[in-house]
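Quick notes on the structure that follows.
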Amino acid sequence: MPGYEAPFEMIKEIVEQMKSTSVALNSILQLRKNLISRDFASDKVSVAQVVKDVLEMLNGPIETSGAQISVDIEKGLQVRIHHTFLKAIVFNLVSNSIKFKHPDRAPVIEINAIEINGNAQIIVSDNGSGINLSRYQNKLFSIFTRFHDGVEGNGIGLHSVKMIVDFHKGEINLDSEENKGTKVTINLPIEKESQSRPANV
């Protein structure tokens, strides 16, 4: 009926938002279950191999965006974490760098990883749109926080990454400047083989 179009469209938008929120919450709940599941027990994982796998998964968006990606990973670097979780971390960070690229330039993304102070330090930096830290500093890893309008997303990516890092007793830091880019640094403890062996009785 005439005159009902606007309210109807508003209701449709609210319903779609509710569906999106429900899917996002279910994803977070499933991640929490997986983190404590025996099916996802930690194992030594090659950082270089995980990065290679993720870049293959993102081959389409990389080509479409014209992204230039450089990778520098310390030879033999491993971390004790299930490969699914490390892939989720790297995938989220790299896909964000592509998704939130600056409108006036192609993405330039650097992925670096070294062992430092007993940690595997993984850094993903880009030249994208950046984040207004004065506005979002206290909400960087909060669920449903979105930093840019007009870009599809549900606001759970960084929240999920922090959940995984925290579960593995790691640290995550984000440095960013609007219109210049973002740098995310993650430190994940490297469990030494001697620590994982049972003590002699």
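At-a-glance table
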| quantity | calculated |
| --- | --- |
| Total residues in the stretch 33-87, condition touching a strand residue (DSSP E or B) at 6+ places or on another chain (Cβ under 7 Å), of a type in the set (Ser, Thr, Tyr) and within 19 Å of Met163 (Cα to Cα) | 1 |
| The stretch 112-143, subset of a type in the set (D, E, K, R) and surrounded by fewer than 17 Cβ atoms within 10 Å (Cβ to Cβ), residue farthest from His102 (Cα to Cα) | Glu115 |
| Among residues of the stretch 64-89, those that are β-branched (Val, Ile, Thr) and under 12 Å from Glu110 (Cα atoms), counted | 3 |
| Residue check for Ala48: at pLDDT below 90 and under 24 Å from Val184 (Cα atoms) | no |
| Members of the stretch 155-181 found to be touching a Leu at 6+ places or on another chain (Cβ under 7 Å), assigned to a strand (DSSP E or B) and either polar (S, T, N, Q) or on the phi > 0 side of the Ramachandran plot (or both), listed by number | Ser176 |
| Scope the stretch 177-189; condition crowded, with 22+ Cβ neighbours inside 10 Å and closer than 24 Å to Pro103 by Cα; matching residues | Gly181, Thr182, Val184 |
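The values are calculated or read from the model by the stated rules, or taken from the named source; none is laboratory data. Fair warning: this is a prediction, and the values are worked out from it, not measured in the lab. In this analysis, Cβ positions are derived from the backbone assuming ideal geometry, glycine residues included, and neighbour counts consider all displayed protein chains.
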